[in-house]
Amino acid sequence: MKLHNLQPAAGSVHKEKRLGRGEASGKGGTSTKGNKGGQSRAGYKSKLGHEGGQMPIQRRIPKRGFKNHNRVEYAVLNLGQIEKLNERYGFEKINFETLYINGLVPKTAKIKILGNGELTTKFDFQVHAISEKAKAAVEAVGGTVEIIK
């Protein structure tokens, strides 16, 4: 096989229909676009969400709720989960780097610790937020809490 022998597989390449090239072409006159109207003219583009005159779905369905654009999303860990993670990974310090390296949180996550579960091991926490109950439980075991800004 050489470069001058290369060609597409038989039947894989089709000739383009030449529209609007006279009556003899078999596709002349209206060029398969029907009769008059915006859709037969050059530059026609239907608008996004247009449903042919029917009331569009974004207008039929009522608006509900509210989206707070200032909301801060946290990756939440409970104290019980931290105990299980300690058994599996052997953490001494809970911070973003250790959690990210082990694939437990995404790169853009902010970490919040909640107080559900029991904590028996001493940990040093460097997190973005922590609940009062969790903070009291960590300090009762002898750990430290540092809030990252």
What is the one condition in (1) closer than 30 Å to T144 by Cβ; (2) modelled with pLDDT under 90; (3) in a loop (DSSP other than H, G, I, E, B) that V105 does not satisfy?
(2)
Index of the failed condition, A24 passing every other in (1) among the small types (G, A, S); (2) part of a loop (DSSP other than H, G, I, E, B); (3) farther than 30 Å from N116 by Cβ:
(2)
Which of the residues that make up region 91-109 are out of contact with any Ser or Thr (no Cβ under 9 Å at 6 or more places or on another chain) and surrounded by 15 or more Cβ atoms within 10 Å (Cβ to Cβ)?
I94, N95, F96, T98, L99, Y100, V105, A109
Every residue in region 113-132 that is more than 31 Å from the chain's Cα centre (by Cα) and modelled with pLDDT of 95 or more, please.
E132
Scan region 60-98 for residues that are in a helix (DSSP H, G or I), touching a residue at least 24 places away in the same chain (Cβ under 8 Å) and of a type in the set (A, V, I, L, M) and report the count.
2
Which residues, taken from region 110-135, are surrounded by fewer than 20 Cβ atoms within 10 Å (Cβ to Cβ) and assigned to a loop (DSSP other than H, G, I, E, B)?
K110, G115, N116, G117, E118, T120, T121, K122, H128, S131
Taking into account only those residues within region 49-84 that are more than 24 Å from Q39 (Cβ to Cβ) and among the acidic types (D, E), which is modelled with the lowest pLDDT?
E83
Between a first residue in region 1-23 that is surrounded by 10 or more Cβ atoms within 10 Å (Cβ to Cβ) and a second residue that is assigned to a loop (DSSP other than H, G, I, E, B), which pairs have beta carbons less than 7 Å apart while being 6 or more apart in sequence or on different chains?
K17/K27; L19/K27; L19/S31; L19/T32; G20/G28; G20/S31; R21/G28; G22/G28
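Tell me the residue from K93, K84, K27 that is charged (D, E, K, R) and touching a Leu at 6+ places or on another chain (Cβ under 6 Å), please.
The match here is K27.
The values are calculated or read from the model by the stated rules, or taken from the named source; none is laboratory data. In this text the structure is predicted, and so the values were computed from the model without any measurement. Cβ atoms come from the backbone with ideal geometry, glycine included; neighbour counts cover every protein chain shown.
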